[in-house]
Amino acid sequence: MAASAPTKPTACLALADGTVFYGTGFGAAGETVAELCFNTAMTGYQEIMTDPSYAGQIVTFTFPHIGNTGVTPEDDETGDPVAAGMVVKWDPTLASNWRATEELKDWLTRTGRIAIGGVDTRRLTRAIRQQGAPHVALAHDPEGNFDVEALVAKAREWSGLVGLDLAKDVTCAQSYRWDEMRWAWPDGYARQEAPKHKVVAVDYGAKRNILRCLASAGCDVTVLPATATAEEVLAHNPDGVFLSNGPGDPAATGEYAVPMIQDVLKADLPVFGICLGHQMLALALGAKTVKMNHGHHGANHPVKEHSTGKVEITSMNHGFAVDAQTLPEGVEESHVSLFDGSNCGIRIAGKPVFSVQHHPEASPGPQDSFYLFERFAEAMAERKPA
């Protein structure tokens with residue numbers, strides 16, 4: 001019996017240093033250039049791909065069983081995938097979940113996202129950890145034709161995330177109201193029909209589940225675009241202001257976000273920030289942010305709250321961090337990563353103004369960090385007349 005011909009690779013991942021990985025392409029055909037990161041979460045690939053914080057990034061999944069829960073619109077964090085592409089060890093498995101409405105491959109094809117399977121993700125992850133998040137070009141061609149030199153050149157020419165404001169690309173086009181609460185068995189998503197607090201959420205790339213957590217905490221949420229001014233925020237007469245997660249370099253987004261936040265702080269309202277919102281608040285208070293070697297991307301990150309000593313298992317997705325050494329007097333570090341000691345939270349002493357780097361709306365702990373939404377609601381309640 002004659003041996004079968006070797007299968008020709010249909011996808012190629014080219015790193016800026018010239019390293020090339022071949023594999024099997026799936027999803028959309030074409031090319032994309034981005035920063036490569038890795039995520040260690042064992043579940044939630046759909047939420048990760050639709051998290052606006054991943055704009056400008058291709059995600060390597062260290063967990064091999066990608067595709068096994070399929071895709072459902074209920075789990076989208078925004079309308080379509082935002083991450084530029086996907087790298088996995090094995091070809092996606094078929095969906096085996098009662099909630100699935102579509103296969104992962106079909107979803108990626110329909111939404112125009114490129115993916116590669118059959119890659120040694122352990123080797124790739126080690127390279128990212130040791131050398132930092134590289135610039136890469138990812139190509140999928142069903143015929144298997146690749147100009148490798150051109151792909152490496154494109155990866156080298158890409159400017160990267162430093163200095164790049166991506167919040168404007170993923171923010172909402174106009175303001176809207178949000179009242180959908182967190183998913184709960186057996187009814188799914190209920191509506192907040194008796195809100196107690198008016199909140200303006202500034203959308204730098206907000207995940208839907210963050211807005212659901214605000215609604216579940218009793219908030220009537222109005223979402224404004226990233227470029228909203230302090231006058232536009234305060235015109236809604238909010239009880240509190242929320243600063244959302246988002247992608248890109250916080251220093252670049254801070255060019256327009258920091259003045260707005262500084263003016264909002266003068267109104268003496270409760271302010272709560274998450275991820276990029278945390279970094280925006282820190283910049284507004286006079287601190288600085290730095291680019292991390294490979295960032296934090298996963299659902300197993302231990303974070304310690306200084307005031308209580310409690311350790312929370314958190315979900316994280318960030319490539320920049322607040323430099324705790326630059327926090328000004330009166331601004332305290334509230335949370336710290338137990339992985340590397342990096343800053344994970346700040347607060348203004350004596351004021352209801354605080355933020356965290358991790359994602360309390362996610363559920364790896366599974367509910368270790370939900371108290372932050374309740375703390376925000378309590379701060380707004382305390383400021384209301386009896």
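Search segment 288-304 for residues that are of a type outside the set (A, V, I, L, M, F, W, C) and pair each with any residue that is open to solvent by 70 Å² or more (accessible area, probe 1.4 Å) and not in a strand (DSSP E or B) when their beta-carbon atoms are under 7 Å apart and the residues are at least 6 apart or on different chains.
Matching pairs, first to second residue: LYS291/VAL162; HIS294/ARG129; HIS301/PHE339; PRO302/LEU338; PRO302/PHE339; LYS304/LEU338.
On the given criteria, is ASP80 surrounded by fewer than 16 Cβ atoms within 10 Å (Cβ to Cβ), in contact (Cβ under 8 Å) with a residue 24 or more places away in the chain, under 17 Å from THR32 (Cβ atoms) and of a type outside the set (A, V, I, L, M)?
Here the answer is yes, as ASP80 does meet what is asked.
When you look at ARG191, is it free of Cβ contacts under 8 Å to residues at least 40 places away in the same chain, open to solvent by 40 Å² or more (accessible area, probe 1.4 Å) and under 19 Å from ASP51 (Cα atoms), yes or no?
The answer is no for ARG191.
For segment 118-177, which residues satisfy the criterion of being open to solvent by less than 90 Å² (accessible area, probe 1.4 Å) and among the acidic types (Asp, Glu)?
ASP120, ASP141, ASP165
Assess whether ASN317 counts as being assigned to a strand (DSSP E or B), surrounded by 24 or more Cβ atoms within 10 Å (Cβ to Cβ), in contact (Cβ under 8 Å) with a residue 60 or more places away in the chain and among the polar types (S, T, N, Q).
For ASN317, the condition - assigned to a strand (DSSP E or B), surrounded by 24 or more Cβ atoms within 10 Å (Cβ to Cβ), in contact (Cβ under 8 Å) with a residue 60 or more places away in the chain and among the polar types (S, T, N, Q) - is met.
Okay, residues lined up against (1) open to solvent by less than 10 Å² (accessible area, probe 1.4 Å); (2) basic (Lys, Arg):
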site: THR7; (1), (2): no, no
site: GLY44; (1), (2): no, no
site: ASP51; (1), (2): yes, no
site: THR62; (1), (2): no, no
site: GLY67; (1), (2): yes, no
site: LYS89; (1), (2): no, yes
site: LEU104; (1), (2): yes, no
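Mind listing just one residue for me: the one in segment 363-385 that is out of contact with any Asp or Glu (no Cβ under 8 Å at 6 or more places or on another chain) and of a type in the set (Gly, Ala, Ser) and, of those, modelled with the lowest pLDDT?
SER363
Each row is one residue, and each column tells you yes or no for (1) open to solvent by less than 20 Å² (accessible area, probe 1.4 Å); (2) in a helix (DSSP H, G or I).
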position	(1), (2)
GLY341	no, no
GLY345	yes, no
LYS351	no, no
SER355	yes, no
PRO364	no, no
SER369	yes, no
LEU372	yes, yes
ARG375	no, yes
ALA381	no, yes
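Please enumerate the residues belonging to segment 32-41 that are of a type in the set (A, V, I, L, M) and farther than 19 Å from ASP120 by Cβ.
Answer for segment 32-41, where residues must be of a type in the set (A, V, I, L, M) and farther than 19 Å from ASP120 by Cβ: VAL33, ALA34, ALA41.
Could you please find all residues in segment 325-339 being open to solvent by less than 80 Å² (accessible area, probe 1.4 Å) and either under 19 Å from ILE261 (Cβ atoms) or among the β-branched types (Val, Ile, Thr) (or both)?
THR326, LEU327, PRO328, GLY330, VAL331, GLU332, GLU333, SER334, VAL336
Exactly one condition in (1) under 16 Å from the mean Cα position of the chain (by Cα); (2) open to solvent by 10 Å² or more (accessible area, probe 1.4 Å); (3) modelled with pLDDT of 95 or more is false for ALA299; which is it?
Evaluating ALA299 over (1) under 16 Å from the mean Cα position of the chain (by Cα); (2) open to solvent by 10 Å² or more (accessible area, probe 1.4 Å); (3) modelled with pLDDT of 95 or more leaves (3) as the failure.
Filtering segment 206-219 down to residues that are outside any loop (DSSP other than H, G, I, E, B) and over 21 Å from GLY248 (Cβ atoms), which residue is most open to solvent (accessible area, probe 1.4 Å)?
Selected residue: SER216.
The values are calculated or read from the model by the stated rules, or taken from the named source; none is laboratory data. All figures in this text were calculated on a predicted structure; none of them were measured in a lab. Virtual Cβ from ideal backbone geometry, glycine too; neighbours counted across all protein chains shown. Please note that ligands, DNA and RNA were not included when accessible areas were found on the heavy atoms of the full protein model with its side chains. Shrake-Rupley method; radii C 1.70, N 1.55, O 1.52, S 1.80 Å.
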